[in-house]
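Okay, structure first, notes after.
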Amino acid sequence: MKRILCVFLCLITLTGICILHFPVYAASKRAGDVDDDGWITAADARLCLRFSVGLEELDFLSQEACDTDGDWLVTASDARNILRFAVGYPSDTLRHPAQVEENIDLTEKDLPEDARILYMTFDDGPSSFTTEILDILDHYKVRATFFVLYNPYYTAKYSEIVERGQTIALHCYTHNYGEIYTSKEAYFKDLHAISDYVYNLTGVRTNLIRFPGGSSNTVSINYKDGIMSELVTAVEEEGYHYFDWNYTNDDATGEELTWEEIYAAAIEPIDKDVKKVILLMHDTDAKQTTVEALPHIIEDYKDAGYYIIALNENSPGMHHKVQN
Ligand SMILES: [Zn+2]
């Protein structure tokens, strides 16, 4: 009888250990919609926890099984935060299994045709936030593209972008519409100036560009009729590839948006199941909430199975309809 009891106790202990040390992969897999109703609820999160950490801790943990960012909705990211807290694993081990870190330097040519891809782009940098953005990209092991302009206050940041594995691309030297859009010559003078500036600071000569205001800007009408129609052809003839965007995080609206508003705009394509996203964001001294939203944005795209990679000359340009 004693022996049976002993075996029984051993079994219970072993089961306990197994439950407590349930692999993180499984935990993260369960950080989802367990009743398949399309929503991750507090009840789902509690079930995940029960499965992952064992019953005895559930009372305490169930109090934590609510939305961790206070938005009244328990998201997958909330569930992960709870699990992270409960299981004590570092955040970056609780990942969507589709996200293999080695994928970050792939290009779209290496990926399946129906792969979901997010190209994060930052315009108007560098700024006082560039290093923080680079830290976040490093942490999540993702890539982004920086369309930079001339900024003598942050000369060290240009090479930092390159040295930390991110992609540098050209925006403009002056960002002065009244100067660059007066003629084709004026535009190219500005473009060549930023090209040389970036080359001198980083050793990188890039042909990836983004027009100030995008190719669809109408502000250029004030300076020269038809200038954008002329430029979209001219830049390609000179061997440049220009990139517009199909979504933005709304951080250029002029108002001071909260990080939650920026986050909500940026993740819109996930709900709409958009396969290829070029997301326009800004890297300037005024855009603190852009930086605050960034980890949440990256986490949600990763959860949805997106590859987050940099633009290159074979990437889709997402060209807008030219309006001038
Ligand atoms: Zn700009």
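The values are calculated or read from the model by the stated rules, or taken from the named source; none is laboratory data. As the structure is a computational prediction, the values presented were derived from the model and not from experiment. Ideal geometry is used to build each Cβ from the backbone, glycine not excepted, and the neighbour counts take in all protein chains shown.
Overview of values
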read-out	value
Of all residues making up the range 143-192, the number that are among the small types (Gly, Ala, Ser), more than 14 Å from the ligand (Cβ to nearest atom) and either crowded, with 18+ Cβ neighbours inside 10 Å or not in a loop (DSSP other than H, G, I, E, B) (or both)	5
Residue match in the range 240-247 (condition: charged (D, E, K, R), touching a His at 6+ places or on another chain (Cβ under 8 Å) and either farther than 27 Å from residue 162 by Cα or away from the ligand (no atom under 16 Å from the Cβ) (or both))	no
Residue pairs meeting the criteria (Cβ under 7 Å; at least 6 apart or on separate chains; first under 14 Å from residue 280 (Cβ atoms), in the range 257-269; second at pLDDT 95 or above and not in a helix (DSSP H, G or I))	262/249; 265/248; 265/249; 266/249; 266/279; 268/247; 269/247; 269/277
Filtered residues of the range 285-307 (kept if modelled with pLDDT of 95 or more and either within 21 Å of residue 158 (Cβ to Cβ) or not assigned by TED's automatic domain parsing to the domain that holds residue 219 (or both))	290, 291, 294
Filter pass, residue 271 being within 16 Å of the ligand (Cβ to nearest atom) and under 18 Å from the mean Cα position of the chain (by Cα)	no
Residue list for the range 302-324, restricted to those being within 22 Å of residue 168 (Cβ to Cβ) and either aliphatic (A, V, I, L, M) or not in a loop (DSSP other than H, G, I, E, B) (or both)	307, 308, 309, 310, 311, 318
Residues of the range 270-301 that turn out to be in a helix (DSSP H, G or I) and without any contact (Cβ under 8 Å) to a residue 24 or more places away in the chain, as a count	1
Checking residue 292 against (1) surrounded by 18 or more Cβ atoms within 10 Å (Cβ to Cβ); (2) under 22 Å from residue 146 (Cα atoms); (3) more than 16 Å from the ligand (Cβ to nearest atom), the condition it does not meet	(1)
Subset of the range 233-264 (residues that are surrounded by fewer than 18 Cβ atoms within 10 Å (Cβ to Cβ) and assigned to a helix (DSSP H, G or I))	233, 234, 236, 237, 260, 261, 264
Residue list for the range 200-224, restricted to those being outside any loop (DSSP other than H, G, I, E, B) and surrounded by 15 or more Cβ atoms within 10 Å (Cβ to Cβ)	201, 202, 208, 209, 220
